[in-house]
Amino acid sequence: MRMRKLRVAFATTVTLAIGVTETLAAGKSDGTGTDYMPRVTGMVNLRYAYDEANKDAQGFDVRRVRLGVRGNLHKKVDYVMQAEYAGSVRLLDAYLRWKLRPEINFQVGEFKIPYSQEALGGPANWLSTELPTAVSKLNGYSDLSGQASHKNGRDIGLMVYGSAIHKEDFDVLRYRLGVFNGNGINVKDDNRKKDVAAMLWVSPVRQLSFTGSYYSGSYGPKGADHVRNRASAGVEWKDAKLMVRSEYLWGHTSFTRQNGVYAQVAYRVHRVVQPLLSYDYMKYDNHNGAPYEHNLQVGLNVEPIDYLRIQAGYIHSLYNNDQHNNLATLQCVLTW
């Protein structure tokens, strides 16, 4: 049954991509320079992992398989659709954007919530094989709310975004502000409240950016809903060789309050070789004796050809009960 659903979902996505292509092919250009031919996109992420905490379940897996389509409906309107096929088949992205002008644009549908600079990236450009724990636990990847619908940091809503103070090759100020159901991917709201998320970038120079974000919302049905508030502050330096990124994250989930931080540094020693070092910390509640964890990760990224990234990572984890764990991962990420 699961394989049948997978085949149906895969065929539906391909059929949709072909149908849109054929429909729009006749109007490839309107003289404005806009290309109306849709582009099929995808990702395959293969992995081998050794987890000391689960020694009986080591080996290979297909971590991610994504297929989507993106294109233009007008010189100022574009769309993105993307689904995940590894594990349970689910919709990830389905949105329209109205690119009115650099200072103000609109996006509606299902897409990533504007919270945390790290979470807004993706497997094709994340430095490390694993997300920092605080990012995962406070932004829907493995959310502390416990809701299965909170996956991949996405939700359904409406967002306004844009930039200001334009320099020759970068924007000094960028922002995103959105209203969301607060119930995760492809799930209708189950209470009368809507969640609000906002994020701001300030870049005094092209290589340097400071970020701040805030999320205010709730989860659970009406009458049994709980608080789900988040905040973050981050900084990033990125040039041709060096990348340094750090962020502090704070959360208020139901009756508990969390905080965490991560710091990453990577240096391109060769055009295709990039070693990295990452540290992250997460405390699950502010009261004394609450669980916390430290994670130290060393890794290596190799990009032998365009669209292919090979990543090796080793993580040593330390928990407040003096327990330790070791996780080693080797994976490749192919995108198109």
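The values are calculated or read from the model by the stated rules, or taken from the named source; none is laboratory data. Fair warning: this is a prediction, and the values are worked out from it, not measured in the lab. Quick reminder, even Gly has a Cβ in these numbers, built from the backbone with ideal geometry, and neighbours come from all protein chains shown.
Brief remarks follow.
- The selection criterion, being part of a strand (DSSP E or B), touching a Lys or Arg at 6+ places or on another chain (Cβ under 6 Å) and under 20 Å from residue 48 (Cα atoms), holds for residue 333.
- Options 193, 238: the member that is over 19 Å from residue 118 (Cα atoms) and either of a type in the set (D, E, K, R) or buried (at least 18 other Cβ atoms within 10 Å of the Cβ) (or both): 193
- Residue that is farthest from the chain's Cα centre (by Cα), among those in segment 297-323 that are surrounded by 13 or more Cβ atoms within 10 Å (Cβ to Cβ) and of a type in the set (A, V, I, L, M): 318
- Taken over segment 103-118, the criterion of being of a type in the set (Gly, Ala, Ser), outside any strand (DSSP E or B) and within 16 Å of residue 158 (Cβ to Cβ) is satisfied by no residue.
- Meets criteria (surrounded by fewer than 19 Cβ atoms within 10 Å (Cβ to Cβ), on the phi > 0 side of the Ramachandran plot, of a type outside the set (S, T, N, Q) and in contact (Cβ under 8 Å) with a residue 24 or more places away in the chain) for residue 59: no
- Residue check for residue 87: more than 21 Å from residue 180 (Cβ to Cβ) and without any contact (Cβ under 8 Å) to a residue 60 or more places away in the chain: yes
- Number of residues in segment 81-101 that are within 15 Å of the chain's Cα centre (by Cα) and among the β-branched types (Val, Ile, Thr): the value is 0.
- Residue in segment 142-159 that is surrounded by 20 or more Cβ atoms within 10 Å (Cβ to Cβ), under 17 Å from the mean Cα position of the chain (by Cα), of a type in the set (Lys, Arg) and assigned to a strand (DSSP E or B) present: yes
- Looking at 135, 172, 179, just one residue is surrounded by fewer than 19 Cβ atoms within 10 Å (Cβ to Cβ) and in contact (Cβ under 8 Å) with a residue 24 or more places away in the chain, and that residue is 172.
- Positions within segment 257-289 being among the small types (Gly, Ala, Ser), surrounded by fewer than 19 Cβ atoms within 10 Å (Cβ to Cβ) and either more than 19 Å from the chain's Cα centre (by Cα) or in a loop (DSSP other than H, G, I, E, B) (or both), in sequence order: 289
Residues checked against (1) surrounded by fewer than 16 Cβ atoms within 10 Å (Cβ to Cβ); (2) farther than 30 Å from residue 324 by Cβ; (3) modelled with pLDDT of 90 or more:
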site	(1), (2), (3)
1	yes, yes, no
4	yes, yes, no
20	no, yes, no
29	yes, yes, no
36	no, yes, no
41	no, yes, yes
54	yes, no, no
66	no, yes, yes
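- Candidates 179, 187, 172, filtered to the one that is over 20 Å from residue 214 (Cβ atoms) and not in a loop (DSSP other than H, G, I, E, B): 172
- Residues in segment 123-142 that are closer than 17 Å to residue 298 by Cα and hydroxyl-bearing (Ser, Thr, Tyr): 128, 129, 133.
- Apart from one condition, residue 283 fits all of (1) modelled with pLDDT under 95; (2) under 25 Å from residue 212 (Cα atoms); (3) basic (Lys, Arg); the exception is (1).
- Checking each residue in segment 219-239 for being modelled with pLDDT under 95 and part of a loop (DSSP other than H, G, I, E, B) picks out 220, 221, 222, 223, 224, 225.
- The set of residues from segment 240-256 being farther than 28 Å from residue 312 by Cα and not in a strand (DSSP E or B) comprises 254, 255.
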